[in-house]
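As C-alpha coordinates, the structure follows; a few thoughts come after it.
The values are calculated or read from the model by the stated rules, or taken from the named source; none is laboratory data. Predicted, not measured: the structure shown is a model, and the values here were computed from it. With ideal geometry, Cβ positions are generated from the backbone for all residues, glycine too; neighbour counts draw on all protein chains shown. For accessibility, only protein heavy atoms count, side chains too; no ligands or nucleic acids. Shrake-Rupley method; radii C 1.70, N 1.55, O 1.52, S 1.80 Å.
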Amino acid sequence: MDDLFAVPRGWLESFGEIVKFCARILADVASLRVFKYFGEVLRQAGILIVSSTLVIWGLVFIIGLQCGIEGAYFDRSVGVPAYAGVFAAWCDLRELVPLCFGYMMAAKVGTGIVAEIGSMRISDEIDALEVMGISGVTFLCATRLLGSMLVLPFVYLCSIGAGFFASYLAVVQQIGDVSSGGYFLIFWQFQNPPDVLYSLIKAMAMAIVIVLVGCYYGYTATGGPVGVGTATAKSMVFNIVSVHVIGMLGTQLFWGANPRAPIGG
Amino acid sequence: MATTAVDRVFAPTRGVLQEAGEMMILTVRTIVSAVKPPYPYGAEFVSQFMFALRLCWFPLLVSTVAFGYEAPGLQAANFLVLFGALDRLGGFFVLASIREFAPFVDAIVLAGVAGTAITADLGARRIREELDALEVLGVDPIKNLVVPRFLALMLVTGLFDIYALLFGVFGGVLATLVNHQPLGPFWATFFSNASTTDLWGSVVKTTLFGAIIAVVCCYKGMTAKGGAEGVGRAVNEAVVIAFLAIFAFNYVFTQVLLATHPALTDIVK
(Lines give C-alpha, C1' and ligand atoms only; values in the text may rest on other atoms or scores of the structure.)
Protein backbone atom coordinates (compact mmCIF):
# COMPACT_ATOMS: atom_id res chain seq x y z
CA MET A 1 0.00 0.00 0.00
CA ASP A 2 2.86 2.33 0.82
CA ASP A 3 4.44 1.67 -2.55
CA LEU A 4 1.24 2.52 -4.34
CA PHE A 5 1.10 6.02 -2.92
CA ALA A 6 4.83 6.70 -2.83
CA VAL A 7 4.98 8.24 -6.31
CA PRO A 8 1.94 10.56 -6.05
CA ARG A 9 3.05 11.53 -2.56
CA GLY A 10 6.49 12.41 -3.92
CA TRP A 11 4.86 14.62 -6.56
CA LEU A 12 2.64 16.32 -3.99
CA GLU A 13 5.58 16.87 -1.68
CA SER A 14 7.73 18.50 -4.33
CA PHE A 15 4.76 20.55 -5.49
CA GLY A 16 4.29 21.79 -1.93
CA GLU A 17 7.98 22.64 -1.68
CA ILE A 18 7.78 24.65 -4.91
CA VAL A 19 4.70 26.54 -3.70
CA LYS A 20 6.36 27.35 -0.37
CA PHE A 21 9.49 28.62 -2.08
CA CYS A 22 7.50 30.68 -4.58
CA ALA A 23 5.50 32.23 -1.76
CA ARG A 24 8.78 33.37 -0.19
CA ILE A 25 9.87 35.06 -3.44
CA LEU A 26 6.46 36.67 -3.92
CA ALA A 27 6.54 37.92 -0.33
CA ASP A 28 9.94 39.49 -0.99
CA VAL A 29 8.55 41.33 -4.00
CA ALA A 30 5.25 42.28 -2.36
CA SER A 31 6.90 43.60 0.79
CA LEU A 32 9.13 45.80 -1.40
CA ARG A 33 12.23 44.26 0.21
CA VAL A 34 13.51 43.63 -3.28
CA PHE A 35 13.88 47.37 -3.89
CA LYS A 36 17.05 47.29 -1.78
CA TYR A 37 18.62 45.74 -4.86
CA PHE A 38 16.88 47.76 -7.53
CA GLY A 39 20.09 48.03 -9.54
CA GLU A 40 20.21 44.25 -9.80
CA VAL A 41 16.54 44.25 -10.86
CA LEU A 42 17.34 46.60 -13.73
CA ARG A 43 20.39 44.55 -14.68
CA GLN A 44 18.31 41.37 -14.87
CA ALA A 45 15.66 43.19 -16.92
CA GLY A 46 18.39 44.33 -19.30
CA ILE A 47 19.79 40.82 -19.65
CA LEU A 48 16.30 39.55 -20.45
CA ILE A 49 15.80 42.16 -23.15
CA VAL A 50 19.16 41.66 -24.80
CA SER A 51 19.34 37.87 -24.73
CA SER A 52 15.78 36.53 -24.96
CA THR A 53 13.41 38.84 -26.79
CA LEU A 54 14.56 38.10 -30.33
CA VAL A 55 14.25 34.34 -29.89
CA ILE A 56 10.76 34.69 -28.42
CA TRP A 57 9.62 36.92 -31.26
CA GLY A 58 11.15 34.52 -33.77
CA LEU A 59 9.16 31.55 -32.46
CA VAL A 60 5.94 33.56 -32.30
CA PHE A 61 6.57 34.77 -35.85
CA ILE A 62 6.82 31.19 -37.11
CA ILE A 63 3.62 30.19 -35.31
CA GLY A 64 1.89 33.24 -36.80
CA LEU A 65 2.77 31.94 -40.27
CA GLN A 66 1.42 28.56 -39.24
CA CYS A 67 -1.91 30.01 -38.03
CA GLY A 68 -2.11 31.97 -41.26
CA ILE A 69 -1.75 29.03 -43.63
CA GLU A 70 -4.00 26.73 -41.61
CA GLY A 71 -6.64 29.46 -41.48
CA ALA A 72 -6.38 30.24 -45.17
CA TYR A 73 -6.66 26.58 -46.24
CA PHE A 74 -9.46 25.85 -43.76
CA ASP A 75 -11.53 28.86 -44.79
CA ARG A 76 -10.95 28.08 -48.45
CA SER A 77 -12.27 24.57 -47.86
CA VAL A 78 -15.51 25.78 -46.26
CA GLY A 79 -15.94 28.28 -49.08
CA VAL A 80 -15.29 31.53 -47.25
CA PRO A 81 -11.69 32.42 -48.09
CA ALA A 82 -12.38 36.06 -47.25
CA TYR A 83 -12.91 35.08 -43.63
CA ALA A 84 -9.39 33.77 -43.02
CA GLY A 85 -9.03 36.75 -40.67
CA VAL A 86 -11.32 35.15 -38.10
CA PHE A 87 -9.17 32.07 -37.80
CA ALA A 88 -5.97 34.11 -37.72
CA ALA A 89 -7.27 36.57 -35.13
CA TRP A 90 -8.47 33.91 -32.71
CA CYS A 91 -5.63 31.50 -33.29
CA ASP A 92 -2.97 34.16 -32.82
CA LEU A 93 -4.31 36.36 -30.09
CA ARG A 94 -6.20 33.92 -27.91
CA GLU A 95 -4.32 30.67 -28.13
CA LEU A 96 -1.06 30.18 -29.88
CA VAL A 97 0.81 33.40 -29.20
CA PRO A 98 0.40 32.97 -25.41
CA LEU A 99 1.33 29.29 -25.66
CA CYS A 100 4.38 29.84 -27.83
CA PHE A 101 5.46 32.70 -25.63
CA GLY A 102 5.19 30.24 -22.75
CA TYR A 103 7.19 27.57 -24.60
CA MET A 104 10.01 29.93 -25.45
CA MET A 105 9.99 31.51 -21.98
CA ALA A 106 10.33 28.04 -20.49
CA ALA A 107 13.06 27.03 -22.93
CA LYS A 108 15.14 30.18 -22.96
CA VAL A 109 14.47 32.08 -19.73
CA GLY A 110 13.35 29.27 -17.40
CA THR A 111 16.19 26.87 -18.10
CA GLY A 112 18.62 29.80 -18.29
CA ILE A 113 17.71 30.79 -14.73
CA VAL A 114 18.12 27.21 -13.50
CA ALA A 115 21.54 26.90 -15.13
CA GLU A 116 22.70 30.22 -13.72
CA ILE A 117 21.42 29.97 -10.15
CA GLY A 118 22.18 26.24 -10.04
CA SER A 119 25.82 26.78 -10.87
CA MET A 120 25.98 29.50 -8.21
CA ARG A 121 24.52 27.04 -5.71
CA ILE A 122 26.97 24.24 -6.39
CA SER A 123 30.00 26.53 -6.48
CA ASP A 124 28.85 27.76 -3.02
CA GLU A 125 28.36 31.33 -4.18
CA ILE A 126 24.89 31.45 -2.62
CA ASP A 127 26.33 30.41 0.74
CA ALA A 128 28.92 33.17 0.34
CA LEU A 129 26.12 35.67 -0.22
CA GLU A 130 24.33 34.54 2.92
CA VAL A 131 27.56 34.84 4.94
CA MET A 132 27.86 38.42 3.76
CA GLY A 133 24.36 39.03 5.13
CA ILE A 134 22.58 39.19 1.78
CA SER A 135 19.52 36.99 1.43
CA GLY A 136 19.97 34.69 -1.55
CA VAL A 137 16.24 34.46 -2.20
CA THR A 138 15.86 38.24 -2.31
CA PHE A 139 19.02 39.03 -4.23
CA LEU A 140 18.86 36.24 -6.82
CA CYS A 141 15.24 35.17 -7.16
CA ALA A 142 13.09 38.16 -6.24
CA THR A 143 15.18 40.49 -8.42
CA ARG A 144 14.75 38.18 -11.41
CA LEU A 145 11.01 37.98 -10.82
CA LEU A 146 10.58 41.75 -10.56
CA GLY A 147 12.90 42.31 -13.52
CA SER A 148 10.86 40.02 -15.73
CA MET A 149 7.59 41.52 -14.51
CA LEU A 150 8.87 44.95 -15.56
CA VAL A 151 9.88 43.87 -19.04
CA LEU A 152 7.72 40.95 -20.14
CA PRO A 153 4.37 42.71 -20.70
CA PHE A 154 6.04 44.83 -23.37
CA VAL A 155 7.92 41.88 -24.83
CA TYR A 156 4.62 40.02 -25.00
CA LEU A 157 2.70 42.86 -26.66
CA CYS A 158 5.44 43.11 -29.28
CA SER A 159 5.29 39.37 -29.85
CA ILE A 160 1.55 39.64 -30.51
CA GLY A 161 2.55 42.15 -33.17
CA ALA A 162 5.06 39.69 -34.62
CA GLY A 163 2.38 36.99 -34.77
CA PHE A 164 -0.14 39.31 -36.46
CA PHE A 165 2.44 40.42 -39.00
CA ALA A 166 3.33 36.82 -39.81
CA SER A 167 -0.34 35.83 -40.23
CA TYR A 168 -0.84 38.76 -42.56
CA LEU A 169 2.17 37.67 -44.61
CA ALA A 170 0.95 34.08 -44.83
CA VAL A 171 -2.70 34.80 -45.63
CA VAL A 172 -2.46 37.85 -47.87
CA GLN A 173 0.99 37.73 -49.44
CA GLN A 174 1.64 33.99 -49.60
CA ILE A 175 -1.74 32.27 -50.15
CA GLY A 176 -3.42 35.36 -51.58
CA ASP A 177 -7.08 34.31 -51.49
CA VAL A 178 -8.11 37.60 -49.89
CA SER A 179 -7.14 41.21 -50.39
CA SER A 180 -5.26 43.11 -47.75
CA GLY A 181 -8.22 45.39 -46.97
CA GLY A 182 -10.68 42.51 -46.81
CA TYR A 183 -8.41 40.57 -44.52
CA PHE A 184 -7.92 43.42 -42.08
CA LEU A 185 -11.62 44.28 -42.00
CA ILE A 186 -12.49 40.83 -40.67
CA PHE A 187 -9.30 40.51 -38.65
CA TRP A 188 -9.91 43.62 -36.55
CA GLN A 189 -13.65 43.00 -36.26
CA PHE A 190 -13.07 39.75 -34.43
CA GLN A 191 -10.97 41.14 -31.59
CA ASN A 192 -11.12 44.03 -29.19
CA PRO A 193 -8.98 45.51 -26.40
CA PRO A 194 -10.35 43.25 -23.63
CA ASP A 195 -9.20 40.26 -25.68
CA VAL A 196 -5.67 41.65 -25.71
CA LEU A 197 -5.86 42.20 -21.96
CA TYR A 198 -7.03 38.62 -21.33
CA SER A 199 -4.33 37.26 -23.58
CA LEU A 200 -1.76 39.36 -21.71
CA ILE A 201 -3.00 38.08 -18.35
CA LYS A 202 -2.70 34.49 -19.57
CA ALA A 203 0.84 35.00 -20.84
CA MET A 204 1.97 36.83 -17.72
CA ALA A 205 0.61 34.04 -15.49
CA MET A 206 2.71 31.59 -17.52
CA ALA A 207 5.78 33.82 -17.38
CA ILE A 208 5.59 34.31 -13.61
CA VAL A 209 5.19 30.58 -12.98
CA ILE A 210 8.12 29.84 -15.29
CA VAL A 211 10.46 32.33 -13.58
CA LEU A 212 9.46 31.09 -10.12
CA VAL A 213 9.91 27.43 -11.05
CA GLY A 214 13.26 28.23 -12.66
CA CYS A 215 14.39 29.94 -9.45
CA TYR A 216 13.24 26.98 -7.34
CA TYR A 217 15.06 24.33 -9.35
CA GLY A 218 18.21 26.43 -9.56
CA TYR A 219 18.20 27.35 -5.89
CA THR A 220 17.76 23.75 -4.77
CA ALA A 221 20.20 22.15 -7.25
CA THR A 222 22.53 19.58 -5.70
CA GLY A 223 25.15 17.11 -6.86
CA GLY A 224 27.80 18.93 -8.84
CA PRO A 225 27.75 19.97 -12.50
CA VAL A 226 25.63 16.93 -13.35
CA GLY A 227 23.03 18.04 -10.80
CA VAL A 228 22.63 21.38 -12.55
CA GLY A 229 21.92 19.63 -15.84
CA THR A 230 19.36 17.34 -14.23
CA ALA A 231 17.66 20.23 -12.45
CA THR A 232 17.47 22.14 -15.74
CA ALA A 233 15.83 19.18 -17.45
CA LYS A 234 13.37 18.71 -14.56
CA SER A 235 12.31 22.37 -14.60
CA MET A 236 11.42 21.94 -18.26
CA VAL A 237 9.02 19.08 -17.47
CA PHE A 238 7.20 21.11 -14.85
CA ASN A 239 7.06 24.19 -17.06
CA ILE A 240 5.70 22.41 -20.15
CA VAL A 241 2.83 20.94 -18.16
CA SER A 242 2.06 24.16 -16.32
CA VAL A 243 2.07 26.23 -19.53
CA HIS A 244 -0.60 23.99 -21.01
CA VAL A 245 -2.68 23.88 -17.85
CA ILE A 246 -2.56 27.66 -17.40
CA GLY A 247 -3.51 28.09 -21.05
CA MET A 248 -6.51 25.84 -20.60
CA LEU A 249 -7.69 27.49 -17.38
CA GLY A 250 -7.25 30.94 -18.92
CA THR A 251 -9.30 30.06 -21.99
CA GLN A 252 -12.01 28.51 -19.87
CA LEU A 253 -12.10 31.57 -17.61
CA PHE A 254 -11.99 34.32 -20.24
CA TRP A 255 -13.71 32.81 -23.27
CA GLY A 256 -15.38 29.66 -21.97
CA ALA A 257 -18.82 31.11 -21.38
CA ASN A 258 -18.68 34.00 -23.84
CA PRO A 259 -17.19 33.71 -27.32
CA ARG A 260 -16.82 37.51 -27.58
CA ALA A 261 -17.57 37.49 -31.31
CA PRO A 262 -19.45 40.19 -33.24
CA ILE A 263 -22.10 37.71 -34.40
CA GLY A 264 -25.62 37.02 -33.21
CA GLY A 265 -26.96 38.15 -29.85
CA MET B 1 42.44 41.74 -28.29
CA ALA B 2 41.02 44.49 -30.41
CA THR B 3 37.85 43.54 -32.27
CA THR B 4 36.61 45.54 -35.20
CA ALA B 5 32.96 46.31 -35.77
CA VAL B 6 32.86 43.81 -38.62
CA ASP B 7 34.13 41.04 -36.37
CA ARG B 8 31.57 41.86 -33.75
CA VAL B 9 28.73 41.65 -36.27
CA PHE B 10 29.87 38.52 -38.04
CA ALA B 11 31.32 36.47 -35.19
CA PRO B 12 27.90 35.37 -33.82
CA THR B 13 26.59 34.68 -37.32
CA ARG B 14 29.61 32.57 -38.10
CA GLY B 15 29.15 30.73 -34.82
CA VAL B 16 25.54 29.90 -35.69
CA LEU B 17 26.44 28.70 -39.18
CA GLN B 18 29.32 26.64 -37.87
CA GLU B 19 27.08 24.98 -35.31
CA ALA B 20 24.40 24.24 -37.91
CA GLY B 21 27.06 22.69 -40.12
CA GLU B 22 28.39 20.55 -37.30
CA MET B 23 24.87 19.31 -36.55
CA MET B 24 24.47 18.35 -40.20
CA ILE B 25 27.74 16.45 -40.08
CA LEU B 26 26.60 14.69 -36.91
CA THR B 27 23.31 13.75 -38.61
CA VAL B 28 25.10 12.22 -41.60
CA ARG B 29 27.62 10.40 -39.44
CA THR B 30 24.79 9.06 -37.26
CA ILE B 31 22.84 7.75 -40.23
CA VAL B 32 25.91 6.19 -41.83
CA SER B 33 26.94 4.64 -38.56
CA ALA B 34 23.41 3.29 -38.00
CA VAL B 35 23.35 1.48 -41.33
CA LYS B 36 26.90 0.16 -41.41
CA PRO B 37 27.52 -3.10 -39.50
CA PRO B 38 28.23 -4.04 -36.75
CA TYR B 39 25.09 -3.23 -34.80
CA PRO B 40 26.03 -3.17 -31.12
CA TYR B 41 23.36 -0.71 -30.05
CA GLY B 42 20.33 -2.96 -29.53
CA ALA B 43 20.29 -3.01 -25.74
CA GLU B 44 20.95 0.73 -25.45
CA PHE B 45 18.18 1.37 -27.99
CA VAL B 46 15.64 -0.55 -25.90
CA SER B 47 16.67 1.15 -22.68
CA GLN B 48 16.52 4.62 -24.27
CA PHE B 49 13.12 3.82 -25.75
CA MET B 50 11.75 2.76 -22.36
CA PHE B 51 13.38 5.77 -20.73
CA ALA B 52 11.65 8.22 -23.08
CA LEU B 53 8.36 6.35 -22.72
CA ARG B 54 8.52 6.45 -18.92
CA LEU B 55 9.45 10.13 -18.78
CA CYS B 56 6.97 11.45 -21.31
CA TRP B 57 3.69 9.63 -21.01
CA PHE B 58 2.25 11.68 -18.18
CA PRO B 59 3.33 15.22 -19.25
CA LEU B 60 2.16 14.40 -22.76
CA LEU B 61 -1.23 13.19 -21.52
CA VAL B 62 -1.89 16.35 -19.49
CA SER B 63 -0.58 18.63 -22.24
CA THR B 64 -2.56 17.16 -25.10
CA VAL B 65 -5.85 16.97 -23.22
CA ALA B 66 -5.37 20.57 -22.04
CA PHE B 67 -4.42 21.76 -25.51
CA GLY B 68 -7.19 19.87 -27.29
CA TYR B 69 -9.81 21.15 -24.87
CA GLU B 70 -8.45 24.68 -24.93
CA ALA B 71 -7.49 25.81 -28.41
CA PRO B 72 -9.42 23.78 -30.96
CA GLY B 73 -12.03 22.61 -28.47
CA LEU B 74 -13.35 25.64 -26.64
CA GLN B 75 -12.52 28.36 -29.14
CA ALA B 76 -13.80 26.53 -32.21
CA ALA B 77 -16.86 25.31 -30.32
CA ASN B 78 -17.57 28.90 -29.28
CA PHE B 79 -17.51 29.92 -32.89
CA LEU B 80 -19.58 27.02 -34.18
CA VAL B 81 -22.21 27.31 -31.43
CA LEU B 82 -23.03 30.79 -32.74
CA PHE B 83 -24.23 29.15 -35.94
CA GLY B 84 -25.76 26.13 -34.22
CA ALA B 85 -23.27 23.96 -36.09
CA LEU B 86 -21.36 22.28 -33.31
CA ASP B 87 -21.47 18.94 -35.16
CA ARG B 88 -18.78 20.36 -37.47
CA LEU B 89 -16.33 20.38 -34.55
CA GLY B 90 -15.34 16.83 -35.45
CA GLY B 91 -14.33 17.87 -38.95
CA PHE B 92 -12.36 20.75 -37.53
CA PHE B 93 -10.53 18.38 -35.21
CA VAL B 94 -9.11 16.48 -38.16
CA LEU B 95 -7.43 19.67 -39.28
CA ALA B 96 -6.59 20.91 -35.81
CA SER B 97 -5.51 17.79 -34.01
CA ILE B 98 -4.16 15.39 -36.62
CA ARG B 99 -2.46 17.91 -38.88
CA GLU B 100 -1.28 20.52 -36.41
CA PHE B 101 -1.57 20.29 -32.70
CA ALA B 102 -0.94 16.64 -31.91
CA PRO B 103 2.38 16.65 -33.82
CA PHE B 104 3.72 19.83 -32.35
CA VAL B 105 2.59 19.30 -28.76
CA ASP B 106 4.13 15.84 -29.09
CA ALA B 107 7.40 17.34 -30.32
CA ILE B 108 7.44 20.09 -27.69
CA VAL B 109 6.94 17.60 -24.87
CA LEU B 110 9.49 15.16 -26.26
CA ALA B 111 12.06 17.94 -26.73
CA GLY B 112 11.36 19.48 -23.34
CA VAL B 113 11.26 16.23 -21.39
CA ALA B 114 13.24 13.50 -23.17
CA GLY B 115 15.54 15.80 -25.16
CA THR B 116 16.66 17.75 -22.11
CA ALA B 117 17.26 14.52 -20.22
CA ILE B 118 19.46 13.24 -23.06
CA THR B 119 21.47 16.47 -23.16
CA ALA B 120 21.91 16.44 -19.39
CA ASP B 121 23.01 12.79 -19.50
CA LEU B 122 25.50 13.15 -22.38
CA GLY B 123 26.71 16.51 -21.06
CA ALA B 124 27.41 14.95 -17.68
CA ARG B 125 29.43 12.20 -19.39
CA ARG B 126 31.39 14.77 -21.37
CA ILE B 127 32.17 16.83 -18.25
CA ARG B 128 33.24 13.72 -16.33
CA GLU B 129 35.42 12.82 -19.35
CA GLU B 130 33.64 9.50 -19.77
CA LEU B 131 33.26 10.11 -23.49
CA ASP B 132 37.01 10.64 -23.84
CA ALA B 133 37.57 7.44 -21.90
CA LEU B 134 35.27 5.57 -24.29
CA GLU B 135 37.19 6.88 -27.26
CA VAL B 136 40.47 5.81 -25.71
CA LEU B 137 39.03 2.31 -25.25
CA GLY B 138 38.21 2.29 -28.95
CA VAL B 139 34.43 2.50 -28.46
CA ASP B 140 32.79 4.84 -30.95
CA PRO B 141 30.49 7.19 -28.99
CA ILE B 142 28.42 7.94 -32.09
CA LYS B 143 27.64 4.30 -32.76
CA ASN B 144 27.09 3.35 -29.14
CA LEU B 145 25.46 6.46 -27.70
CA VAL B 146 24.08 8.73 -30.44
CA VAL B 147 22.66 6.12 -32.84
CA PRO B 148 20.45 4.34 -30.26
CA ARG B 149 19.13 7.68 -28.99
CA PHE B 150 18.51 8.88 -32.53
CA LEU B 151 16.56 5.77 -33.49
CA ALA B 152 14.72 5.54 -30.17
CA LEU B 153 13.59 9.17 -30.27
CA MET B 154 12.44 8.86 -33.88
CA LEU B 155 10.38 5.79 -33.07
CA VAL B 156 9.03 7.11 -29.78
CA THR B 157 8.05 10.50 -31.19
CA GLY B 158 6.30 8.85 -34.13
CA LEU B 159 4.38 6.47 -31.85
CA PHE B 160 3.55 9.15 -29.32
CA ASP B 161 1.94 11.11 -32.15
CA ILE B 162 -0.90 8.58 -32.20
CA TYR B 163 -1.18 8.81 -28.43
CA ALA B 164 -1.18 12.62 -28.55
CA LEU B 165 -3.80 12.50 -31.27
CA LEU B 166 -6.10 10.25 -29.23
CA PHE B 167 -5.90 12.47 -26.17
CA GLY B 168 -6.16 15.64 -28.26
CA VAL B 169 -9.42 14.34 -29.71
CA PHE B 170 -10.49 13.44 -26.18
CA GLY B 171 -10.10 17.16 -25.40
CA GLY B 172 -12.51 17.85 -28.27
CA VAL B 173 -14.94 15.30 -26.85
CA LEU B 174 -14.78 17.13 -23.51
CA ALA B 175 -15.49 20.45 -25.26
CA THR B 176 -18.53 18.90 -26.98
CA LEU B 177 -19.83 17.51 -23.70
CA VAL B 178 -19.29 20.85 -21.93
CA ASN B 179 -21.57 22.40 -24.57
CA HIS B 180 -24.25 19.76 -23.78
CA GLN B 181 -24.17 18.27 -27.26
CA PRO B 182 -24.39 14.61 -28.28
CA LEU B 183 -21.19 12.93 -29.43
CA GLY B 184 -22.63 11.18 -32.49
CA PRO B 185 -22.34 14.12 -34.91
CA PHE B 186 -18.83 14.86 -33.64
CA TRP B 187 -17.62 11.37 -34.58
CA ALA B 188 -19.59 11.39 -37.84
CA THR B 189 -17.92 14.55 -39.15
CA PHE B 190 -14.60 13.49 -37.69
CA PHE B 191 -14.48 10.20 -39.57
CA SER B 192 -15.95 11.51 -42.80
CA ASN B 193 -13.18 14.14 -42.94
CA ALA B 194 -10.29 12.04 -41.69
CA SER B 195 -8.02 10.78 -44.43
CA THR B 196 -5.06 8.44 -44.45
CA THR B 197 -2.94 11.15 -46.06
CA ASP B 198 -3.45 13.32 -43.01
CA LEU B 199 -2.49 10.47 -40.73
CA TRP B 200 0.67 9.43 -42.53
CA GLY B 201 1.63 13.08 -42.94
CA SER B 202 1.30 13.49 -39.22
CA VAL B 203 3.31 10.39 -38.37
CA VAL B 204 6.08 11.13 -40.88
CA LYS B 205 6.29 14.68 -39.59
CA THR B 206 6.67 13.62 -35.97
CA THR B 207 9.22 10.95 -36.84
CA LEU B 208 11.33 13.66 -38.46
CA PHE B 209 10.75 15.89 -35.42
CA GLY B 210 12.19 13.06 -33.35
CA ALA B 211 15.28 12.99 -35.55
CA ILE B 212 15.73 16.77 -35.18
CA ILE B 213 15.36 16.62 -31.40
CA ALA B 214 17.80 13.73 -31.09
CA VAL B 215 20.50 15.33 -33.25
CA VAL B 216 20.27 18.75 -31.57
CA CYS B 217 20.19 17.34 -28.05
CA CYS B 218 22.98 14.81 -28.63
CA TYR B 219 25.15 17.44 -30.31
CA LYS B 220 24.70 19.91 -27.46
CA GLY B 221 25.32 17.21 -24.87
CA MET B 222 28.46 15.88 -26.54
CA THR B 223 29.95 19.36 -26.95
CA ALA B 224 29.14 20.59 -23.41
CA LYS B 225 32.07 22.33 -21.81
CA GLY B 226 33.02 24.71 -19.04
CA GLY B 227 32.62 23.09 -15.65
CA ALA B 228 29.69 23.70 -13.36
CA GLU B 229 27.61 25.92 -15.60
CA GLY B 230 28.39 23.96 -18.76
CA VAL B 231 25.79 21.22 -18.58
CA GLY B 232 22.96 23.55 -17.58
CA ARG B 233 23.95 25.94 -20.35
CA ALA B 234 24.01 23.06 -22.85
CA VAL B 235 20.49 21.97 -21.88
CA ASN B 236 19.27 25.55 -22.21
CA GLU B 237 20.74 25.97 -25.70
CA ALA B 238 19.62 22.51 -26.82
CA VAL B 239 15.99 23.09 -25.98
CA VAL B 240 15.91 26.56 -27.57
CA ILE B 241 17.46 25.30 -30.82
CA ALA B 242 15.21 22.24 -30.85
CA PHE B 243 12.05 24.34 -30.45
CA LEU B 244 13.03 26.76 -33.21
CA ALA B 245 14.00 23.93 -35.54
CA ILE B 246 10.78 22.03 -34.86
CA PHE B 247 8.57 25.02 -35.57
CA ALA B 248 10.43 26.07 -38.68
CA PHE B 249 10.35 22.51 -40.04
CA ASN B 250 6.66 22.21 -39.10
CA TYR B 251 5.80 25.29 -41.16
CA VAL B 252 7.65 24.05 -44.23
CA PHE B 253 6.27 20.52 -43.96
CA THR B 254 2.64 21.61 -43.47
CA GLN B 255 2.84 24.07 -46.33
CA VAL B 256 4.29 21.46 -48.68
CA LEU B 257 1.77 18.82 -47.62
CA LEU B 258 -1.20 21.17 -48.08
CA ALA B 259 0.03 22.51 -51.39
CA THR B 260 0.79 19.09 -52.86
CA HIS B 261 -2.37 17.35 -51.60
CA PRO B 262 -5.28 19.65 -52.41
CA ALA B 263 -7.72 16.83 -51.55
CA LEU B 264 -6.83 17.37 -47.89
CA THR B 265 -8.61 20.69 -47.81
CA ASP B 266 -11.95 19.38 -49.09
CA ILE B 267 -14.58 19.33 -46.40
CA VAL B 268 -17.00 16.43 -46.49
CA LYS B 269 -20.46 17.28 -45.24
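Overview of values
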{"quantity": "For chain A: relative contact order, % (alpha-carbon pairs under 8 angstrom, 6 or more apart)", "calculated": "31 percent"}
{"quantity": "Over chain B, relative contact order from alpha-carbon pairs under 8 Å, at least 6 apart, %", "calculated": "30 percent"}
{"quantity": "Using a Förster distance of 22 Å, the FRET efficiency for B:L183-B:F83 (Cβ separation, nearest 0.05)", "calculated": "0.70"}
{"quantity": "Burial ranking of peptide ranges A:105-118, B:202-215, A:126-139, B:165-178 (average Cβ count within 10 Å, highest at the top)", "calculated": "A:105-118, B:202-215, B:165-178, A:126-139"}
{"quantity": "Cα-based helix-to-principal-axis angle, A:38-77 vs chain A, degrees rounded to 10", "calculated": "30 degrees"}
{"quantity": "Euclidean distance between Cα centres, region A:101-179 to region B:43-77, Å", "calculated": "24 Å"}
{"quantity": "The protein assembly as shown: Cα Rg divided by the 2.2 N^0.38 Å rule of thumb", "calculated": "0.98"}
{"quantity": "Across the protein assembly as shown: Cys residues that no other cysteine approaches within a C-beta distance under 4.7 Å", "calculated": "A:C22, A:C100, A:C158, B:C56, B:C217, B:C218"}
{"quantity": "Among B:I118, B:I25, B:I127: highest mean-square fluctuation, GNM of chain B, C-alpha pairs under 10 Å", "calculated": "B:I25"}
{"quantity": "Ranking by accessible area, most exposed first, for A:L4, B:L89 with a 1.4 Å probe", "calculated": "A:L4, B:L89"}
{"quantity": "Segment B:Y39-B:A248, length gained on full extension (0.36 nm per residue, minus Cα span)", "calculated": "71.9 nm"}
{"quantity": "Rounded accessible area per residue of chain A, 1.4 Å, Å²", "calculated": "40 Å²"}
{"quantity": "Label-point separation in nm, A:A128 to B:T4, each point 7 Å along Cα→Cβ", "calculated": "3.9 nm"}
{"quantity": "Residue order for B:T27, B:T13, B:T189 - accessible surface, 1.4 angstrom probe, largest first", "calculated": "B:T13, B:T27, B:T189"}
{"quantity": "Relative contact order %, region A:179-249, counting alpha carbon pairs below 8 Å whose residues are six or more apart", "calculated": "34 percent"}
{"quantity": "Distance (nanometres) between label positions extended 7 Å along Cα→Cβ at A:L169 and B:A20", "calculated": "1.5 nm"}
{"quantity": "Calculated FRET value between A:L197 and B:W200, using beta carbons and R₀ = 45 Å, to 0.05", "calculated": "0.60"}
{"quantity": "Per-pair calculated FRET efficiency, R0 = 35 Å: A:F15 and A:L150 via Cβ, rounded to 0.05", "calculated": "0.80"}
{"quantity": "Helix A:143-168 axis, angle to chain A major axis (alpha carbon atoms, nearest 10°)", "calculated": "20 degrees"}
